[in-house]
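Notes for the one structure printed next.
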Amino acid sequence: MMDSFLFVLFAGFLLGIKHAFEPDHIVAVSTIAVRSKNIWKSTLAGIYWGIGHTATLFLFGIFLIVMKQNLSESVALTLEFFVGIMLVYLGLATILRRHGEKERGQNAGSSNKKSVFIGFVHGLAGSAGLVILTMSISKNIWQGAIYILAFGLGTVFGMLFFSVLLSIPVIMSKKRNGINEKIIKITGLISFCFGVYYMYNLGFTEGLFTYWL
């Protein structure tokens, strides 16, 4: 019995890593990581994203499990829509960022808080699916809590790995201001465009706007 649950936890950890590499997560964290001055600060962007993401999944997920409730499709899609809004905002903020800001650098505390907030929003948006999965494989609340933590740890590990990989070309381009600025602007443009597409897909393809009207 214990061996089977340990296998479930390991599977949850691997699913967490896979979850971290979903396009909306990658795009959002990239807008912060590309501004970092070194690999360590870029890595922190991924770690703090994972902390915010895991905290939301755990608190909100456990609440729903205890109440034996799940989010309706309209609420789940609305939370996803907030992710699209956030991506558009992050993209615009990155595109419109003044060149001089690179020299002054971001305040570390502000950057970390932004990463946590991004993870928080993603955690809310992803809680519905995780709660359904957790309830299907867990026999009690304690197993559910441990599974969510294992899943969350996987997302932290996955995003940390991505942040390190992303930081390498960014840091290498620091000595070439033109290239570095283009990387930052392109990242912002990708975030903006993906956010618009994300909201359009949710609204029309997934039918969110029909729930609102």
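The values are calculated or read from the model by the stated rules, or taken from the named source; none is laboratory data. Because the structure is a prediction, the values reported are computed rather than measured. Using ideal geometry, Cβ is built from the backbone for each residue, glycine included, and neighbour counts are taken over all protein chains shown.
What the table below lists for this structure:
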| item | result |
| --- | --- |
| Qualifying positions in region 36-60 - farther than 20 Å from V131 by Cβ, buried (at least 22 other Cβ atoms within 10 Å of the Cβ) and not aromatic (F, W, Y) | S36, S42, A45, G46 |
| Qualifying position, being part of a helix (DSSP H, G or I), closer than 30 Å to D3 by Cβ, more than 12 Å from the chain's Cα centre (by Cα) and at pLDDT 90 or above, among G129, G152, G144, G123 | G144 |
